[in-house]
Amino acid sequence: MAPETDLARMLAGLQVRVREGEYVFVTRADADATLASLAQASVREEEGIAYVLSRADADAHGLPYDFRAAWLTLGVHSALHAVGLTAAVSAALAARGIPCNVLAGFHHDHLLVPSERRDEALAALAKLQQHGTA
């Protein structure tokens, strides 16, 4: 299936999948092979590397964290040059005061929202899919 670029079609076809478990951010100034092997995602920044781990893995290794997230995957294959999907999703969540960290992949965008607000985020995204607005 070809990646989608039309915002109205992306929103109409939006399906959200929940990745089971909770996820946390752990950072290191330099690369860490153990964390890299556990990471579900990572981002290299000037200050170091942010690893996204399952909370279970972070707890098993005694790693500190302060944000527990639910992982939501947007089930629409948006083109990398598509305009508006991230803005629409962010606006729908922001309208309800729900923080969101976005990770863009090649096939899908992924949202990390506070665990305790997962169901609220899902409801907001369902409304966005149905009505095309927040």
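Selection of first residues in region 97-126 that are more than 10 Å from residue 72 (Cβ to Cβ) and of second residues that are of a type in the set (Asp, Glu) and not in a strand (DSSP E or B), restricted to Cβ pairs under 8 Å at least 6 apart or on distinct chains, gives the following pairs, ordered by first then second residue: 98/120.
Within region 79-107, the residues that satisfy the criterion of being within 15 Å of residue 126 (Cα to Cα) and small (Gly, Ala, Ser) are 88, 90, 91, 92, 94, 95.
Considering 35, 80, 14, the condition of being buried (at least 17 other Cβ atoms within 10 Å of the Cβ) and part of a loop (DSSP other than H, G, I, E, B) is satisfied by 14 alone. When residue 3 is tested against the conditions (1) in contact with a strand residue (DSSP E or B) (Cβ under 7 Å, 6 or more places away or on another chain); (2) modelled with pLDDT of 95 or more; (3) surrounded by fewer than 16 Cβ atoms within 10 Å (Cβ to Cβ), the lone failure is (2). Cβ separations smaller than 6 Å between residues 6+ apart or across chains give the following pairs from region 51-77 residues that are within 25 Å of residue 7 (Cβ to Cβ) to residues that are in a strand (DSSP E or B) and among the basic types (Lys, Arg): 71/19; 73/17; 75/17. Kindly indicate whether any position in region 105-126 is within 11 Å of the chain's Cα centre (by Cα) and small (Gly, Ala, Ser). Scanning region 105-126 turns up at least one residue that is within 11 Å of the chain's Cα centre (by Cα) and small (Gly, Ala, Ser).
For residues in region 83-101 being of a type in the set (Val, Ile, Thr) and surrounded by 16 or more Cβ atoms within 10 Å (Cβ to Cβ), which is modelled with the highest pLDDT? Please lay out each step first, then the result.
Here is the first cut: in region 83-101, the ones of a type in the set (Val, Ile, Thr) are 83, 86, 89, 98.
When the remaining residues are screened for being surrounded by 16 or more Cβ atoms within 10 Å (Cβ to Cβ), the result is 86, 89, 98.
Working: 86: 92, 89: 95, 98: 98.
Per the criteria, the residue is 98.
Evaluate the following for residue 53: is it part of a loop (DSSP other than H, G, I, E, B), in contact with a helix residue (DSSP H, G or I) (Cβ under 8 Å, 6 or more places away or on another chain) and of a type outside the set (S, T, N, Q)? Taking the combined requirement at face value, the residue does not satisfy it.
Kindly indicate whether any position in region 75-82 is over 23 Å from residue 25 (Cβ atoms) and at pLDDT 95 or above. Spell out the reasoning first.
First, the residues of region 75-82 that are over 23 Å from residue 25 (Cβ atoms): 75-82.
Still in the list and also at pLDDT 95 or above: none.
Checking region 75-82: not a single residue is over 23 Å from residue 25 (Cβ atoms) and at pLDDT 95 or above.
Of all the numbered requirements in (1) part of a loop (DSSP other than H, G, I, E, B); (2) under 18 Å from residue 12 (Cα atoms), residue 87 misses one, and that requirement is (1).
Residue 30 meets all of the listed conditions (1) among the charged types (D, E, K, R); (2) surrounded by 12 or more Cβ atoms within 10 Å (Cβ to Cβ); (3) over 20 Å from the mean Cα position of the chain (by Cα) but one, namely (2).
More than 30 Å from residue 132 (Cα to Cα), surrounded by 15 or more Cβ atoms within 10 Å (Cβ to Cβ), touching a strand residue (DSSP E or B) at 6+ places or on another chain (Cβ under 7 Å) and modelled with pLDDT of 95 or more, is that true of residue 50? Outline the logic, then answer.
Details: more than 30 Å from residue 132 (Cα to Cα): yes; surrounded by 15 or more Cβ atoms within 10 Å (Cβ to Cβ): yes; touching a strand residue (DSSP E or B) at 6+ places or on another chain (Cβ under 7 Å): yes; modelled with pLDDT of 95 or more: yes.
Against the criterion (more than 30 Å from residue 132 (Cα to Cα), surrounded by 15 or more Cβ atoms within 10 Å (Cβ to Cβ), touching a strand residue (DSSP E or B) at 6+ places or on another chain (Cβ under 7 Å) and modelled with pLDDT of 95 or more), residue 50 qualifies.
The values are calculated or read from the model by the stated rules, or taken from the named source; none is laboratory data. Because the structure is predicted, anything quoted here is derived from the model rather than measured. Note: ideal-geometry Cβ built from the backbone for every residue, glycine included; neighbour counts use all protein chains shown.
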